[in-house]
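Undergrad: Could you have a look at this structure, given as structure tokens, before my questions?
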Amino acid sequence: MAQQRGQDIFARLAERGEDVIGRITEMPGAQKLVENANQLKERVDELQKKVRGIDALARRVDALEKKVDELSKASKPARSAPKRASAAKPKPRAKPKPKS
């Protein structure tokens with residue numbers, strides 16, 4: 001019984017919705033309103049696609065940053081070569097004593 005009432009309510013709502021849609025076309029300026037609503041829907045859909053694309057790019061950037069960090073950590077021990085003793089500066093030569 002309750003299920004039948006639920007179906008009746010939905011059927012009545014559907015009929016009312018159809019009536020409202022039929023009446024909107026008769027109202028002055030309603031056509032412009034419907035057109036603007038459709039344009040808004042299309043723009044929102046486009047924005048959602050772009051935002052999803054940004055999320056995907058952000059995930060890719062995060063993954064690349066992790067790889068760079070791993071590679072930089074892995075290459076640090078391999079790069080560290082033993083420190084060499086700094087080359088000694090050549091000692092200045094002693095000037096020969098003038099012969100007297």
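What follows draws every value from the coordinates through simple rules; no lab data is involved. All of these numbers come straight from a predicted model, not from anything done at the bench.
Undergrad: Taking θ as phi - 60°, what are the ³J(HN,Hα) couplings along the stretch 13-21 by the Karplus curve (6.51, -1.76, 1.60), each to the nearest whole Hz, with x for Gly and Pro?
TA: After applying 6.51 cos²θ - 1.76 cosθ + 1.60, I find 5, 5, 5, 5, x, 5, 4, 5, 4 Hz.
Undergrad: Among the aspartates and glutamates, select those whose C-alpha is under 13 Å from the C-alpha of K50, and discard any that sit fewer than 8 residues away in the same chain.
TA: The reachable aspartates and glutamates, counting only those whose Cα sits under 13 Å from K50, are E42.
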